[in-house]
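Notes for the one structure printed next.
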Amino acid sequence: MINRSIALVTLVVDEYDSAIRFFVESLGFSLAEDTELGDGKRWVVVAPGTSGSALLLARAKNPDEAHAIGRQAGGRVGFFLHTDDFARDFAEYSARGVHFLEAPRREPYGTVAVFEDCCGNRWDLIERARERE
């Protein structure tokens, strides 16, 4: 049997430390790794939980990369953060200053609200309908 998974997704950021603060302090992610690579580059990994995918925070190094900051999905929601308790996380994130673009709504697939990360990328915070059962 083949066993594959997506381990990391790169998120282009303008600055490492402010991005780390947002993901760790505002969203409660863990800082899995922060390794100096020389010439101002770092290998920075943040993760929302103990298993599954994580984000590699990569500082933009040229104008093309800088242009992608906050628009990695072209203005669409590009990231989906699943939770087992939407009300808890929505309240905590709101109290920590996370900017939600809409009020929570119920959809056939679950409860969802769109928020922006520190760079302006759009995320869905979702509690899947089957997780509520």
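No lab work stands behind these numbers, since they all come straight from the coordinates. Fair warning: this is a prediction, and the values are worked out from it, not measured in the lab. Positions of Cβ are generated from backbone atoms using ideal geometry, with glycine treated the same way; all protein chains shown enter the neighbour counts.
Descriptive notes on the structure:
- From 58, 19, residue being under 20 Å from residue 94 (Cα atoms), of a type in the set (A, V, I, L, M, F, W, C), surrounded by 12 or more Cβ atoms within 10 Å (Cβ to Cβ) and in contact (Cβ under 8 Å) with a residue 40 or more places away in the chain: 19
- The stretch 56-92: number of residues that are assigned to a helix (DSSP H, G or I) and either within 16 Å of residue 121 (Cα to Cα) or aliphatic (A, V, I, L, M) (or both): 6
- Scanning the stretch 85-133 for residues that are under 30 Å from residue 66 (Cβ atoms), exposed (fewer than 15 other Cβ atoms within 10 Å of the Cβ) and in contact with a helix residue (DSSP H, G or I) (Cβ under 7 Å, 6 or more places away or on another chain) returns 96, 97.
- Residue list for the stretch 1-16, filter: surrounded by fewer than 16 Cβ atoms within 10 Å (Cβ to Cβ) and farther than 16 Å from residue 35 by Cα: 1, 2, 3, 4, 5, 6, 7, 9, 14
- Of all residues in the stretch 1-55, those being assigned to a strand (DSSP E or B) and within 16 Å of the chain's Cα centre (by Cα) number 16.
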